[in-house]
Structures are given as C-alpha cells and as structure tokens.
1. Could you tell me whether the range 271-411 comes out rounded, prolate or oblate from its Cα gyration tensor? Rule is a ≥ b ≥ c as square roots of the eigenvalues, rounded for a/c under 1.5, then prolate if a/b exceeds b/c, otherwise oblate.
2. To the nearest 20 debye, what charge dipole does the range 253-363 have about its Cα centre, counting +1 at the Cβ of each Lys and Arg and -1 at the Cβ of each Asp and Glu?
3. Taking H as built 1.01 Å from N, whose amide H comes closer than 5 Å to the amide H of residue 129, not counting residues under 5 places away?
4. Where does the chain land at 222 nm, in deg cm²/dmol rounded to the nearest 500, when only DSSP H runs of n ≥ 4 count, each adding -39500 (n - 2.57), divided by all residues?
5. If you take the beta carbon distance between residue 98 and residue 386 as r and set R0 to 60 Å, what does 1/(1 + (r/R0)^6) give as a FRET efficiency, to the nearest 0.05?
6. Pull out a ≥ b ≥ c, the square roots of the eigenvalues of the alpha-carbon gyration tensor of the range 473-589, then state rounded if a/c is under 1.5, prolate if not and a/b is larger than b/c, and oblate in the remaining case.
7. Return the label of the correct value of P(r) over Cα pairs in 20 Å bins from 0, in percent, as calculated from the structure shown, out of (i) 14, 42, 34, 9, 1; (ii) 16, 51, 28, 4, 0; (iii) 17, 44, 26, 12, 1.
8. Along the Cα→Cβ direction, 7 angstrom out, place labels at residue 365 and residue 26. What is the inter-label distance in nm?
Amino acid sequence: MVDGVEEETMGRVADWVLGHRRTVVLAWLALAVVGGVLAPTTIDRLGFDFSTPGQPAYEANEAITDQFGNGAAIGPLLVTVPLPEGSTVAENQAELAAVVERLRQPGWRVASPLDEGAAADVLAADGNAVVLVWPPAVEGPAPYAAALPQLEGALQGATVAGAEPVVTGTPVLAEGGGEERPIIVEIALGAGGAIVVLALVFGSLLALVPLLVAAVAITTTFLLVLLLTTVIDVSFIVQYLVGLIGLGVAIDYSLLVVMRWREERAAGADDLVAVRTAMTTAGRAVVFSGVTVAISLLSLVVLPLPFLRTVGFGGLFIPLVSVLVALTLLPVLLASVGPRLEWPRRRLRGTESRTWHRVGTTVVRHRWVAAALATAVLLLLASPVLGIKLGTPQVSAIATGSSPAATAFQQLTGAGLPDGLARPVEVLTDDRAAAVERLSAVEGVAGVLAPAGGPWEQGGTGLVDVVLADDPSSTAGREALTAVRAAADGLPGAQVGGTAAGYADSVEAIYGNAWWVLPLVVVITFALLAPALRSIWLPVKALVLNVVSIAAAYGMTVWIWQEGNLTDLLFGASATGTLTFWVPVAAFSFLFGLSMDYEVFILSRIREGRDAGMSTDEATVHGVAYTGGLVTSAALILFLAFVALSTVPVVDVKIFATTLALGILLDATVVRGVLTPALVALLGEVNWWWPFRRYGHRPAHARPRHAHARSTRA
C-alpha cells in the first residue's frame, strides 16, 4: 500500500536521524550560524526593480534613461513653493526664478511654471507653485538617495516671500516618512506574539523548541537566498517573506510534530517510540504540506515578471527548509531534551480538545446549516472582489500623516493642482510640437510640459510630460492614460513611458497573459493530494475551499484598502483606490499553500481515524478534536506574524500583509473549523472513493491502539 510505503520511508528517516544526532545538530548549527552572520549581506544584495522587460512602457523607459539619464521609471521630485495668499507667480517671479536656477544641476531635468511651454497653469494655482525635478536615479530602496542631499543643499537658505520650499513626490512619500528599519524588528514582533501563543499551548519550556526550529530555518533560508543573489537579482520583498512567513511556517510544522509526540507519550509510549510515531504520522503530513506550499509558489516562478519570479524562488526555500529542519533537527531535540523541557508542566495529557470535540460534534450534527452559513459568510466577504482594480496605490494614499512631504502634497492638491502631477506620463517623440498639440486635446489631460533646451531635447528627439487631471491609479486616470497612449500612436517615433504606463503594463503582463497559472497549480496540487489521501473528492473539496477562502480574503482587502474602510483606523492611511498589481498573485501563491497546510493537517487526521475503523462522522469529529487547537494556534501565530509585517512603512507591503492575515484568519476559523468538517460529513462515503483500487479499511491493530481507543469517544 502507498500509505505503508510512506510510513516505512518516514520511519527510516527517523531512524537515521536519531542514529546520527551529533551530525544533524552540528550541520544545522553551522548552517544557522553562517546564515545569521551573512544575513545583513544577503539583505544588502536584494534589489528594488519592479520592471517588466518586453513591455512597451519598459522599452520606452529604457530609451528615455539611455538618452536623458533620468526620469522614465522613476517619478519626479516635486519642489513646492508656497506663495503669499492672493499673489501670483508673476508677482514672485524673481525669487521663484532664483529657486529654479538652483535646481538646474548638470544631468537634471526641470519643469517650472516660469518655463516657456511648461503649462504654467498645471504647475501653479491658488498661492502654490511647484517645480518638477528629475535627477539621475541610483539603485536601492531610495532611488534619489544621492540626489536628495544635493537638492536640499541647493535649496539651503532659499525662500520665496519668506517661505522655504519643501520637497515631496512619490520617491519621497514611498519611504513612509520614517527611518528605514531592519527586518529583525518585524521578526522580533512576530516572535513575541508567537512565544505568547506557544506558552499558552505548551505551558512549559517546550514552547522554545518551535522557536528554535524557526530560527534555524530562517537563517538557513537567508543563506540560500544569498546564493540565489549570485545568479539573479532578488526582490527586497523576499526578506519579509523569509523572516515572517518562515517564522510562521516553521513553527506550524514544529507544532504538528511536537503535539503528536506529546500525544504518543501521554498514551504510554516511550520517548523514542513517540518520536518515531510522530514522524510517521505528523511528519508525513508535514512533508505533503511543505510540498504543497512549494507547488503553489510555482505560480510566481512561471510568471513573466522577473521580480515576482525571484519572490517565487525565494519563497520556495521557506517551506522546503522548514520541512527539512522539522524532520531532522526537531526529532533529535525531542529525543534528547524534550522530556526535560516539559517543565513546569509535568502531567502528560492527550492533545484532544474538549472544546473542539464539541465544535466538531455540533458541526457534524447540523452539517447542512453549518455548510450553508459558512458558505454565505464567505460569499458575502468575497463580494467586494468583483470591483477590484489593480495598479498601484494612489498618491493620496501614501501622502498621509503630518510629515513635511505629505503635508506639502496635500496642500498642492487642496489648492487645485492636478492629482496626476506626481506621476506624469513621459512621451518620447521626434515631433514635440505635434505631441503637445495632440496630447493636450486628450480628455482627462490637465496639461503637457514641454520646456525647451538640452535636458528635454537631444539628437532630434525630445520629451514631453503629460500631466493627467486625475491620479493614474483612479478610474478616470486609467481611462485618460489609455487615451494618451492611443493618441501617441500616431506621433512620429513616439514611445510612452513613465511610472503609470509601467504599472499598467505590469497588470497586463501578469493577468492578461498568465491565466493558465491557476489551473496549473490546481492540477499539480490535486495530483499530489489525491494519492496521499487516497480519495478523489477530498482534494477536490480542499481545492474549491481554498479558492473560496482566498476570494474572501481578496474581498475584505478590497473593502479595507481600495474602498478605504478602516484604513484610517487601522493604518492611519486613506483609500488607495486600487490594489497593488502584484499583491493578488503573490498572496494567492502563499495563501493557497498555507491554507492547504491546515487542510492537510485536518484531513490526514480524519483519514487516520477512518483507517482505524471509524465511521465518516466519527472520523470527522476525531480529526477536528485533535487538530482544531493545533490549527487555531498555528494560524494565530501566522496571523501575528502578518500583523508584524503590516507595520512595515511601505503601503504595498501593508496591503500584502493585510491580505495574508485576513486569509489565514478566515481559513482557520470559518473554512477549516466549520466548512471543512461540514462538507466531509455531508459527502459521507463519497469522501473515500478511490477508483484505482478497491479500498478496504486497515485493521484496527495497524494503527496505535491507544489512538483508536480514545477516538471511539468521538
């Protein structure tokens, strides 16, 4: 039997590990130390490139950068100059001209309300003037890290009617208005929440073991990411995934094994037998869970965006390393020091939860009502996803708070200047005059900037910057951007670039040409789970529930971030108007795998009860009673890790963390706590249909007798 072969394999792994304890410990210790020491180097080597090679905007931005050395994929800095109330640019021309002259550095491109062809009405209104500046960018989290000090030095002492200019713009606002902080801060926050949960679960020093396993897994994964950076550019997002998802996943897998080890010891097994049994049962579930998470990340690896591929590769290491540590180092720790760590709790007890036994019994007894109510809740929560809009958050969403940059941008838009000012559309063309005439007439365009001079014209070609009346991430702004790109098609040698066009192309690259990724992941996951569970309908049910659960997480994220409900209360931010284009596909990859973790945990235990001779209803209650507390604790740890991730001062990461946190919370409560057992009970004998061979119950003596004896109470 397949099941027997798998158990035999896991038993051999356990025997080898326990027979080579010193080798296992020293190997993981070496990897963890080296990974920890080199972690800062790994983080320094991570990249911040979100480009989409081969897309029209990418090619345009590359051409603009090659020819002019600035702008394109990096938005401009906005130097805001408050004017005396009721005064005009003309009345302050001399002082404003002096400020503008300070900004004309070699290699910098500038557009001011004093320039001919600069659409002065777009750059000045109601006592406010603004100068757009495109300095050369550098690689890293702050593209204008070199230019900003130079800019601030140039503006030192400059005033207009006694007011000092303030620098704002998306490159400044995106930094979150605070100092960059190391990833260890978020890891510490997540670990703090985890230790509280683990202390409540174990009531002893054994709570430290999953944290130790997580520490080894995280540092080793950072070492693998460092090796990956020698081959490809790896996105900075990976550090958060390794640190926080790694923390949650490694603890989840450790919990599953440790709780089963505890259960076996409580039933009278000695330490080594308990370890071996935990490996052949819980360890087997850990393997399938880890492989399932890894498979779900294939959806990122095969996408046509380099930075998402690196997120997929980096994320791929997380479950695989966590599985290896849980199956090698953890058994050694349990066999060597596990019993001594059961302090101050000395009385061993089984892991069946009375509370979850009652929950399982109630759900199974009222299966139709439970299934209907849970489905209704999920569909209601998922409904906002029908209005999802993808792109990048509106500038107003990142221009929150009371920092000088945020306040300056708020004053500009409040004075009536266009919302699209911070993200102009850059058009490279051979005929600037024709471009200005045609693009100025496009609906939704506030004005076109086309100053004369070398920084704007070189070698017979030149740049014009189209300022949209609305933020390019808004509905009206997206329509105007589409109209600008269509109008530019007829211009001589025209290429349309800029950040807004680049983000629009990214959406198309991910969701327009990669529709086959979801079916690919679903098919591979089904092919893995069906033989493992020896059932056709259990994996089908699991896959359907995963999709519904993720849709509900998307819906709640749309409701919170895109529509602006609770964003101010929870994050001190305003509505983004859109969701960051990479968040849904990245969240799908992680949530799909993590949610399947819990499904595998529960179904494996239900399958075990069924193999022990229970009826479907009894096995279902048995599975819920033994895994309900485990899944809840594991999900709570992951939820707290994602809460820690949401404190990162980057709106895109906050949206991503919100989706993950809500997805895990929904999955562990509504889906796995109610809908999964209700549907298993509803399907009854259909659950166990396996067409490739006639399935017969394994004899009761094939399972641990104590497990069967306790389970009959279900």
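The values are calculated or read from the model by the stated rules, or taken from the named source; none is laboratory data. Owing to the predicted nature of the structure, the values given are computational and were not obtained by experimental measurement. Note that each Cβ is placed from the backbone with ideal geometry, even for glycine, and that neighbours are counted across all protein chains shown. To get the accessible areas, we keep the full protein, side chains included, count just its heavy atoms, and leave off ligands, DNA and RNA. Shrake-Rupley method; radii C 1.70, N 1.55, O 1.52, S 1.80 Å.
1. Details: a/c = 2.02, a/b = 1.52, b/c = 1.34.
Prolate is the answer for the range 271-411, as a/c is 1.5 or above and a/b outweighs b/c.
2. Value, rounded to 20: 340 debye.
3. Excluding prolines and chain starts, which carry no amide H, the hits are 81, 83.
4. -18500 deg cm²/dmol, from helical runs alone.
5. Numbers: r = 54 Å, r/R0 = 0.89.
With R0 = 60 Å, the Cβ-Cβ based efficiency is 0.65.
6. oblate
7. Here P(r) over Cα pairs in 20 Å bins from 0, in percent agrees with entry (iii).
8. Result for the modelled spin labels: 5.9 nm.
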